[in-house]
Amino acid sequence: MRRTLLVLAVLVSQMLLGWAPAHAADGAVDKERVALIGVSGLHWSDLSRADTPNLWELAGAGAIGSMSVRTVGNITCPYDGWLTVSAGIRSASGYRCGPPPTPEQQGRGAVIPDYDYLSEVAEQRYAGLLGDTLAKAGECAIAVGPGAALGLADSKGAVGTYYPSPVQVKAEELERCRLIAMDVDDLIRPYLADDGKLPRVAEKLSAQDRRAALRLADAKAGALLAVLPQDTTVLLAGMSDHGSVPHLRVAALRQQGAQGHELGAASTRRDDISILPDLTTTVLTKLGVVVPDSVVGQVMRVNGPGATFERMAEADQTAQAMRSVKGYYFIALAVLQVLFYLVAFLLLRRRKGLSWVRLAAVTLAAIPITSILVNLLPWTTHLELFGGMLAWLIVITVAAFAGPWRRSPLGPLAVVAGVTALTLAGDLLTGTTLQLNSFMGFSAEQGARYYGLGNIPFALLATGTLLTSTVIAHRLSRPWGAAVVAVLGTFAMVLGGSGMGSDFGGVIAFVPGIAVTALLILGKRISLWKLGAFCVAGGVIVMGFAIANYLRPAAEQSHLGRFVGQVISGEAIDVIVRKLVAMLSTLLSPTLMPVVIAAVAFLVYAIIRPDRATAGVLPAAFEYSPCLKAGLIGTLISGVVGTLVNDSGAAVLSMALALAIPLVLSAGIAALPGAAATEERPLAKV
């Protein structure tokens, strides 16, 4: 018994503080000699024995992974990529940028022209952090090329040793300085427009022209590799995008014992994905220099074996396949939602085709979770993606109407809501592998999130949990029903708000939804004062999660813990303002707001004019199961609060409504007088 309690205690503590395991070895690294080779725009599909023999051999001798190069904007130019390495935090020059400026040679070193602009105009307070840290530690560094000079420059824009070309680097300097960084810009230069900016097209060069640029880039990288001391640890990174579409780029680490292994970082919690600030941390750590607290990157680490160039290239292909049709997917979902409410309104008023409306409602509600479940299947093409989603949609719909629960008005609702909640809970418990590269989740090349619970999945988890718990409460007395809602809701909330989910706004929104649902089941009245108190309680709880996460080692912190650090440093206001602007922008989304408007209008009219709007379907549902009414109200509250406190804004409420309203309608149709429903009436009344 004691052993069982001990195991449970450990599991609970991990849920509360974060699931990421400690990697003590990350900080215990012997001092090394390091070379950072940045090739802006480099794909894994670019590497070949024929065109890039030097890069092919370098990457083949080390651990390999994908580099998410996103900084601040959707597209990362070489300037912002190298500036991010300099600052150790995502940085941008503040305008549509291109290549780094050409340094002005001063003796053996150089100075970046107009460097004051970064701090005085662009407000990049951490620009030059890497250079300052190296100088403070007494480490010299060699920069080759404009980007490397920007990356290694101190806060005044000066770099101690600078060469335009690797052939100018002297062997004795490589022995004296343990760090050399080189900007290989031969691949990106042909893409730049006449004004020096990145093009506004996805691919400017022909395949032949790109291969020619790759050969030049490979030759330059080979010139440096030929003179590096044998014991040098080499980092290879694709530093930026090359057009109007973000991609995953090359990341490789050549060191002893790394060949054929995956390369990732704790910053992404992915075994094969890292971010640009990880380069800063990795360089400093391998040099034996203390990493400043403001650096958000983590040490790039060698993980399991089995990594291949083909797998890395396929990761970007998968992301692009999903990304290229993501907008069309949400447009189609919005159109289906609006059409459903229009057709349902007409048919319900005439009391015709009710069974078809019920089938359509359940099928429509099952669509969102299929975009998550499809990642249980292998896919890389659009045909495989949508074919897998269709297969899951058929499975869920058949399951909803095939079992003995089909006779209950709440049966199909319970299946769809339960599958939705269980899928997302299981994904959180197993490392959120299903949300990556999904329409409802996140994509690594977009750089917004790499793990945890996204805002739209939060809406689905909260809605699925509340509806599933109210179905269970339907069979129980008031106190037991409210207890089920509280227990299941709290469990899902902890999953989302702990280190596993790392969802800040979701906890704030979920707490009032759980509390309101439970109190309504108990027959209690809800005042605005109580609702406000529940929202405050959600804020207090999530800050508790954040503080607990902040107290963990830096390598194990999520953005929850980093937010506490931003509060302490005074940067939190900028973060809040940025998220507020993002939230407000979603209110004008042509794919999100139609779902919200159509669902809310249908719901409001159905409540005000139940006989005319839905032939009494909603009143029938609420009379049959008052608990269901409580769950719907709780869902609406979570959706509205979630819209206000998340940067995804209207996406949260639209997805909550897209799941909840069709399912409630399906239950109401089955509960109409004369419908086949043999289940006992509920004990609890709201």
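The values are calculated or read from the model by the stated rules, or taken from the named source; none is laboratory data. Predicted model only: the values in this text are computed from it and were never measured. No Cβ is skipped: glycine too gets one built from the backbone with ideal geometry, and neighbour counts run over all protein chains shown. Each accessible area value is taken on the protein alone, full model and side chains, heavy atoms only, with ligands, DNA and RNA left out. Shrake-Rupley method; radii C 1.70, N 1.55, O 1.52, S 1.80 Å.
Within region 316-336, work out how many residues are open to solvent by less than 30 Å² (accessible area, probe 1.4 Å), among the small types (Gly, Ala, Ser) and more than 30 Å from Val357 (Cβ to Cβ).
Residues that pass the stated criteria total 2.
Please determine whether any residue of region 264-287 is among the basic types (Lys, Arg) and part of a loop (DSSP other than H, G, I, E, B).
Yes, some residue in region 264-287 is among the basic types (Lys, Arg) and part of a loop (DSSP other than H, G, I, E, B).
Would you check if there is a residue in region 106-121 being among the β-branched types (Val, Ile, Thr), touching a residue at least 12 places away in the same chain (Cβ under 8 Å) and under 16 Å from Pro277 (Cα atoms)?
no
Would region 505-513 turn up any residue that is more than 17 Å from Thr423 (Cβ to Cβ) and either without any contact (Cβ under 8 Å) to a residue 60 or more places away in the chain or more than 34 Å from the chain's Cα centre (by Cα) (or both)?
yes
Taking Thr52, is it over 25 Å from Tyr450 (Cβ atoms), buried (at least 24 other Cβ atoms within 10 Å of the Cβ) and of a type in the set (Ser, Thr, Tyr)?
Against the criterion (over 25 Å from Tyr450 (Cβ atoms), buried (at least 24 other Cβ atoms within 10 Å of the Cβ) and of a type in the set (Ser, Thr, Tyr)), Thr52 qualifies.
Looking at region 337-352, which of its residues are touching a helix residue (DSSP H, G or I) at 6+ places or on another chain (Cβ under 7 Å) and open to solvent by 30 Å² or more (accessible area, probe 1.4 Å)?
Once the filter is applied, which keeps residues that are touching a helix residue (DSSP H, G or I) at 6+ places or on another chain (Cβ under 7 Å) and open to solvent by 30 Å² or more (accessible area, probe 1.4 Å), region 337-352 yields Val338, Phe345, Leu347, Arg349.
Looking for whichever is in contact with a helix residue (DSSP H, G or I) (Cβ under 8 Å, 6 or more places away or on another chain) and among the β-branched types (Val, Ile, Thr) here; the options are Val167, Val121. Which one fits?
Of Val167, Val121, the one residue that is in contact with a helix residue (DSSP H, G or I) (Cβ under 8 Å, 6 or more places away or on another chain) and among the β-branched types (Val, Ile, Thr) is Val167.
Collect the residues in region 79-98 that are of a type in the set (Lys, Arg) and either open to solvent by less than 10 Å² (accessible area, probe 1.4 Å) or more than 16 Å from His242 (Cα to Cα) (or both), keeping them in residue-number order.
Arg90, the sole residue that qualifies.
Residues checked against (1) open to solvent by less than 80 Å² (accessible area, probe 1.4 Å); (2) among the hydroxyl-bearing types (Ser, Thr, Tyr); (3) at pLDDT 95 or above; (4) in a helix (DSSP H, G or I):
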position	(1), (2), (3), (4)
Pro378	no, no, no, no
Leu390	no, no, yes, yes
Ile396	yes, no, yes, yes
Trp405	no, no, no, yes
Ala414	yes, no, yes, yes
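Please go through region 227-241 and pick out each residue that is open to solvent by 10 Å² or more (accessible area, probe 1.4 Å) and touching a Pro at 6+ places or on another chain (Cβ under 9 Å).
Result: Val227, single match.
Take region 482-494 and flag every residue that is out of contact with any Leu (no Cβ under 8 Å at 6 or more places or on another chain) and either buried (at least 24 other Cβ atoms within 10 Å of the Cβ) or farther than 22 Å from Trp405 by Cα (or both).
Once the filter is applied, which keeps residues that are out of contact with any Leu (no Cβ under 8 Å at 6 or more places or on another chain) and either buried (at least 24 other Cβ atoms within 10 Å of the Cβ) or farther than 22 Å from Trp405 by Cα (or both), region 482-494 yields Ala483, Ala486, Val487, Thr490, Phe491, Met493.
Conditions first: (1) touching a helix residue (DSSP H, G or I) at 6+ places or on another chain (Cβ under 9 Å); (2) modelled with pLDDT of 90 or more; (3) more than 25 Å from Arg33 (Cα to Cα); (4) not β-branched (Val, Ile, Thr). Gln106 passes all but one, so which condition is the exception?
Condition not satisfied by Gln106: (1).
Of (1) under 20 Å from the mean Cα position of the chain (by Cα); (2) open to solvent by less than 10 Å² (accessible area, probe 1.4 Å); (3) closer than 20 Å to Met182 by Cα, Ile275 satisfies all except one. Which?
Just one mismatch for Ile275, condition (2).
Could you identify the single residue in Tyr126, Tyr117 that is within 16 Å of Thr280 (Cα to Cα) and at pLDDT below 95?
That would be Tyr126, the only listed residue that is within 16 Å of Thr280 (Cα to Cα) and at pLDDT below 95.
When you look at Thr423, is it in contact (Cβ under 8 Å) with a residue 60 or more places away in the chain, out of contact with any Phe, Trp or Tyr (no Cβ under 7 Å at 6 or more places or on another chain) and not aliphatic (A, V, I, L, M), yes or no?
no
Can you run down the residue pairs with Cβ atoms below 9 Å, 6 or more apart or on separate chains, where the first is in region 225-251 and in a helix (DSSP H, G or I) and the partner is charged (D, E, K, R)?
Leu225/Glu57
Does Pro101 satisfy the criteria of being open to solvent by 20 Å² or more (accessible area, probe 1.4 Å), at pLDDT below 95, in contact with a Phe, Trp or Tyr (Cβ under 9 Å, 6 or more places away or on another chain) and farther than 30 Å from Arg269 by Cβ?
For Pro101, the condition - open to solvent by 20 Å² or more (accessible area, probe 1.4 Å), at pLDDT below 95, in contact with a Phe, Trp or Tyr (Cβ under 9 Å, 6 or more places away or on another chain) and farther than 30 Å from Arg269 by Cβ - is met.
Residue by residue, here is whether (1) open to solvent by less than 10 Å² (accessible area, probe 1.4 Å); (2) in contact with a His (Cβ under 9 Å, 6 or more places away or on another chain); (3) of a type in the set (Ser, Thr, Tyr); (4) farther than 30 Å from Ser267 by Cβ holds:
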site: Thr420; (1), (2), (3), (4): yes, no, yes, no
site: Gln435; (1), (2), (3), (4): yes, no, no, no
site: Tyr450; (1), (2), (3), (4): no, no, yes, no
site: Val471; (1), (2), (3), (4): no, no, no, yes
site: Pro479; (1), (2), (3), (4): no, no, no, yes
site: Gly496; (1), (2), (3), (4): yes, no, no, no
site: Pro512; (1), (2), (3), (4): yes, no, no, yes
site: Val516; (1), (2), (3), (4): yes, no, no, yes
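Name the one entry in Thr430, Thr465 that is β-branched (Val, Ile, Thr) and without any contact (Cβ under 8 Å) to a residue 40 or more places away in the chain.
Thr430
Only one of these conditions is not met by Leu83: (1) closer than 20 Å to Thr232 by Cβ; (2) assigned to a helix (DSSP H, G or I). Which number is it?
(1)
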